[in-house]
Amino acid sequence: MSPRPMSPRPISHPSTHQRLTWAALLVGIVLALASATASAGAASAARTPAPAPSMWRSIDAGMNFTCGVTTAGAVKCWGTNGHGQLGTGNRIDAATPQAVVGLASGAVSVSAGAWHACAVMETGDAHCWGFGQYGQLGNGSFRSSTTPVLVADLAGQVAGLSAGANHTCVVTTSGTAACWGANPFGQLGDGTRANRNAPVRVFNLDSGVRAIAAGDSHTCAATEATAYCWGRGEAGALGTGNNADSPVVDQPVLGIGAGPRAITAGGDHSCLVRAAGSAWCWGANGAGQLGVLPWTIHYSPVRVPVFAATGTISAGSAHTCAIRVPGGAAYCWGYNEHGAVGNGTNVTTPTPTLVSHLGLAAAAISAGLEHTCAIRWIGAIPGQGYALCWGANDHGQLGDGTLTDRWTPVRVVG
């Protein structure tokens, strides 16, 4: 027997009150699920902490890019990369540190120029990368390279290195000097104005060279006896009392005396630290980069006020920075439209001004085109510190992951 069919029930439509109740229930379920998902995500994040930023032993600010050496001896660069100056094998800009190909360990220092960079290795070799059409990579060619190439003829002999705008110079382990690259003003010091794609000896610097600094179109060296500059002298950057170019080392910087401890060459100005610790600068001063008034060219050195003793000094394109000792306080002065002085303003100043947020722990400082970077030691741990940068950041040269100018130091990430 077949079952009796059930009578259809009338369809009842939910009331407005019932619809609101169901809607509230659904919203509650969705919020509960979202909360659970967020909690799980938070727990996962807690279990997987973000990688710690690198610790640094060396840093150098170039033209819209920066390079540094980590405490593990790895070279990393960040910022503009149109000529391969980041050494990553491509020409892609980066706003955070990127590993330089083949230099994951063994580096002791790095120097950033206009569009190229170079590193000195524990072995005494030097490697360069980036723009090379003036021969500034030093490997015997006039070609650019997006990865490091070995500098020719100096295997195991490099004690220190400086990359200028389009030339490069070194101090050798025997105390001599050699340069290569662009040479229209005689900045290589070989007595000619010919570009060189491999190292050539700097004439009259056959011994006793302590440090060398390559600027825009001039070069300076500190020796046991005194200091010398050569190359473009138009703005007084050679410190010889006139504006004449010099393709050879033939006149010392005026009034320096024996044993300068540090030397630096910028756009059209130069600075050094004398044996007693005082800081002196000379050359162009249109932005107050010499640290003195009036804002006029000085063809011979003038003393930078404030500093009774200076540990290190760095000349950028039109600003200068130094670390005062004892104590480790950092000061900058000069061109400041993008905040390169680091005092929280963008007002150009001819007076040495304390850099904010570094305290008394600055151990290294480097002035670039329109930005500055420093290493702030952590406690009493030798050879380890955070990297911080400030100033122009249109290409990511501050390394904080943004393209925003900073008027005070920000920590380099990664």
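The values are calculated or read from the model by the stated rules, or taken from the named source; none is laboratory data. These numbers were taken from a predicted model, which means no experiment stands behind them. Positions of Cβ are generated from backbone atoms using ideal geometry, with glycine treated the same way; all protein chains shown enter the neighbour counts. Ligands, DNA and RNA are excluded from the accessible area calculation, which covers all protein heavy atoms including side chains. Shrake-Rupley method; radii C 1.70, N 1.55, O 1.52, S 1.80 Å.
Points worth noting:
- Residues with amide H under 5 Å from that of H269, placed H, sequence gap 5 or more: A284
- For the chain, accessible area per residue (1.4 Å probe, heavy atoms of protein chains only), Å²: 42
- Relative to the dominant Cα principal axis of the chain, helix 16-47 is inclined by about 40°.
- Rounded to the nearest 500, the helix-only mean residue ellipticity at 222 nm of the chain stands at -3000 deg cm²/dmol, with each DSSP H run of n ≥ 4 adding -39,500 (n - 2.57).
- Distance from the alpha carbon centroid of segment 287-307 to that of segment 349-401 works out to 22 angstrom.
- Residue order by solvent-accessible surface for T240, T296 is T296, T240, largest first, with ligands and nucleic acids left out and a 1.4 Å probe.
- Taking V110, V170, V202 as the candidate residues, the one with maximal mean-square fluctuation in a Gaussian network model of the chain, Cα springs under 10 Å, is V202.
- Cβ-defined net charge surrounding N243, 14 Å radius [Lys, Arg +1; Asp, Glu -1]: -2
- Cα gyration tensor of segment 329-389 - equivalent ellipsoid semi-axes, whole Å, descending: 22, 11, 8
- When the trypsin sites (Lys or Arg not before Pro) in segment 160-240 are filtered for DSSP coil states and for at most 15 other beta-carbon atoms within 10 Å of their beta-carbon, the remaining sites are R193.
- The phi-based Karplus calculation (6.51 cos²θ - 1.76 cosθ + 1.60; θ = phi - 60°) puts the 3J(HN,Hα) values of segment 362-377 at 6, 10, 8, 8, 9, 9, x, 5, 9, 9, 9, 9, 8, 10, 10, 4 Hz, whole numbers, x for Gly and Pro.
- Backbone amide hydrogens, once placed in the peptide plane, bring A364 within less than 5 Å of I375, excluding anything fewer than 5 places away on its chain.
- Charge context of A279, other residues only, Cβ under 15 angstrom, K/R +1, D/E -1: +4
- Derived scalar couplings between HN and Hα for segment 398-410 equal 7, x, 9, x, 10, 10, 9, 4, 10, 8, 9, x, 10 Hz in order, rounded to whole Hz, by the Karplus curve 6.51 cos²θ - 1.76 cosθ + 1.60 (θ = phi - 60°), x for Gly and Pro.
- Equivalent ellipsoid semi-axes - Cα gyration tensor, the chain, angstrom: 55, 24, 18
- Backbone HN-Hα couplings from phi across segment 127-142 [Karplus 6.51/-1.76/1.60, Hz, Gly and Pro as x]: 10, 10, 7, x, 5, x, 6, 9, x, 5, 7, x, 9, x, 10, 10
- Sequence-distant residues sharing a close amide H with A340 (under 5 Å, placed H): A392
- Remark: the T402-T173 segment gains 78.4 nm on full extension, using 0.36 nm per residue and subtracting the alpha carbon distance.
- Kirkwood hydrodynamic radius of segment 285-414, Cα pairs, Å: 14.5
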